Amino acid sequence: MADILKLNAISPLADGIFANYNYSDKIEEPDGIMVRSAQMADYPVGKKLLAVARAGAGTNNIPVAAYTEKGIVVFNTPGANANAVKELVICELFLGGRKICEAVDWVKTLKGKGAEVGKLVEKGKGDFVGGEITGKTLGVIGLGAIGIAVANAAYALGMNVVGCDPYLSTANALLLNPAVKVAPALDDVYKACDYISVHVPLTPDTKGMFNGKTIAALKDGAVLINNSRGELADTQAVISALESGKLSRYITDFPADELIGVKNAICVPHLGASTPEAEDNCAVMAAKQLTDYIENGNVTNSVNYPAVSAPREGAARICIHHKNVANMIAQLTAAVSSFGLNIENMTDKSKGDYAYCLIDVNVAPAAELKEKLAAIDGVVRVRVII
């Protein structure tokens, strides 16, 4: 029975998936970990740990590079919370065009005015006039599951939509409404759009992508919506743009102390995936991916190892994490063959500097084979599943 540690409160829908596991928040040496927001940089990694499943899309709270070197697979759940985030973005489009937040706050000041409230409302509402989103142009940066959902929903609401994603897959492109234009470069989005919603991961390349230079390239009075990560935007550049009117609104799901209270900055307390439906979807997807890996060695939706899945064939499956170097496959197959085993099926794929291999063999291998494979230069981890 494998041991699964939950580092955060996880939807109870995951409990049934882990029915045959020792699953709790008190495991000391886990085989797998379910996590949401817990910071894992200082988490003591034991020798048993095979994988970490993040019930959500972002993995900035997990030391992915360090885990990759140890052969620990890190899963996330892309798309599981897409609808929840999409609905928040649609709400924020309306908040960006109309002074709803300010108006609601102003109405609270009328408490105690009695019968005069109606007259005061009619007199004061002119201070909160805003614009409609219909006919405006939305730029969607990042066309993954969430970006596509936002683009399609915004088009259905009457907006013109322009998307941009240098890594747009064919599968995702087919999910886009044909009326959504795909721009070849970010500059084409910046200069054309009244609203911009960003949906990209935080990486060294995307950190600070909205800075003084890029904000200057935006359309005057644009609304910038950032529900991905706060660090994608240079806070001081955003504040300066709000003060000058270059940005009419900045709406983010990641509040920063400097932004709180700034005129025309709307800070939402990280509510993008905070719905019961999204938490259920993420938990179920993460749990299924984790159990499939532990039981079958299959990798789906990993951020650090390639997607490798195959039906089980033969008496045993050998799972090998290795560096993506020349002559590796030949060495692996030679080692297996040297023990007189027949390879029933084999799959090996790479992702960056690392790769993952599944080898199904006709009989359960001797322990010495595992040792021989592990001794090959560039092999990171070997596991045998019977």
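The values are calculated or read from the model by the stated rules, or taken from the named source; none is laboratory data. These numbers come from a predicted model, not from an experiment. When we count neighbours, we look across all protein chains shown, and the Cβ atoms used for this are built from the backbone with ideal geometry, even at glycine. All accessible areas refer to the heavy atoms of the entire protein, side chains included, with ligands and DNA or RNA removed. Shrake-Rupley method; radii C 1.70, N 1.55, O 1.52, S 1.80 Å.
Take the alpha carbon atoms of segment 1-47, find their center, do the same for segment 211-266, and report the distance between the two centers in whole angstrom. Taking the Cα centre of segment 211-266 as reference, the centre of segment 1-47 is 37 Å away.
Rg over Rh for segment 161-214 works out to 0.97, both radii taken from alpha-carbon positions and Rh defined as the Kirkwood radius. Stretching the chain fully between residue 374 and residue 260 yields a gain of 35.8 nm (0.36 nm per residue, less the alpha carbon separation). A Förster distance of 35 Å, applied to the separation of the beta-carbon atoms of residue 24 and residue 277, puts the FRET efficiency at 0.90.
Rolled with a 1.4 Å probe across the full set of protein chains, the surface gives residue 25 an accessible area near 90 Å².
Taking all protein chains together and a 1.4 Å probe, the residues 187, 205 rank 205, 187 from largest to smallest accessible area. Based on Cα contacts under 8 Å between residues 6+ apart, segment 1-146 shows a relative contact order of 17 percent.
Rolling a 1.4 Å probe across all protein chains gives residue 379 an accessible area of roughly 20 Å². Near residue 27, the amide H atoms lying under 5 Å from its own belong to 6; only residues 5 or more places off or on other chains count, and H is placed 1.01 Å from N. Average accessible surface for segment 24-92: 41 Å² per residue, computed with a 1.4 Å probe over protein heavy atoms with every protein chain in place.
For the chain, the equivalent ellipsoid derived from the Cα gyration tensor has semi-axes of 49, 23, 18 Å, listed largest first.
Per-residue Karplus couplings for segment 315-320, computed as 6.51 cos²θ - 1.76 cosθ + 1.60 with θ equal to phi - 60°, are listed in order as 8, 8, 10, 9, 10, 10 Hz, Gly and Pro entered as x.
On the principal axes of its alpha carbon atoms, segment 35-124 extends 71, 24, 16 Å, with the longest extent given first.
The GluC sites (Glu not before Pro) of segment 255-312 that DSSP puts in a loop, and whose beta carbon has at most 16 other beta carbons within 10 Å, are 258.
Across the chain, Cα pairs under 8 Å and at least six residues apart give a relative contact order of 15 percent.
Which is the longest stretch in the chain that no exposed loop site breaks, taking sites as trypsin sites (Lys or Arg not before Pro) with a DSSP loop state and at most 15 other Cβ atoms within 10 Å? After excluding every exposed loop site, the longest remaining stretch is 264-386. Please check which bits of segment 331-358 a label hung off residue 325 would reach, taking the label as a point 7 Å along Cα-to-C-beta and the cut-off as backbone N under 15 Å. The answer is 331-332, 353-356, whose backbone nitrogens lie closer than 15 Å to the label point. Per-residue accessible area (protein heavy atoms, 1.4 Å probe) orders 188, 257 as 257, 188, starting from the largest. Candidate cross-link partners of residue 125 among the lysines, defined by an alpha-carbon separation under 29 Å and a same-chain spacing of 8 or more, comprise 99, 108, 111, 113, 136, 219, 246, 263. Taking the helices alone, the chain has a mean residue ellipticity at 222 nm of -9000 deg cm²/dmol, built from -39,500 (n - 2.57) per DSSP H run of at least 4 residues and averaged over all its residues. The HN-Hα couplings worked out from phi for segment 368-380 by the Karplus form 6.51 cos²θ - 1.76 cosθ + 1.60 (θ = phi - 60°) are 5, 5, 4, 5, 5, 5, 5, 7, 5, 4, x, 7, 9 Hz, whole numbers, x standing for Gly and Pro. Other residues whose C-beta falls under 14 angstrom from the C-beta of residue 15 contribute a net charge of -1, scoring Lys and Arg +1 and Asp and Glu -1. Rounded to the nearest Å, what's the spacing between the alpha carbon centres of segment 319-336 and segment 71-123? Just the number, please. Comparing the Cα centres of segment 319-336 and segment 71-123, I get a distance of 54 Å. The relative contact order of segment 304-361, computed from alpha carbon pairs under 8 Å that lie at least 6 residues apart in sequence, is 54 percent.
Shape summary: segment 263-386 maps onto an equivalent ellipsoid whose semi-axes, from the alpha-carbon gyration tensor, are 37, 17, 10 Å in decreasing order. Taking only protein heavy atoms and a 1.4 Å probe, the accessible area of the chain is 53% carbon and sulfur.
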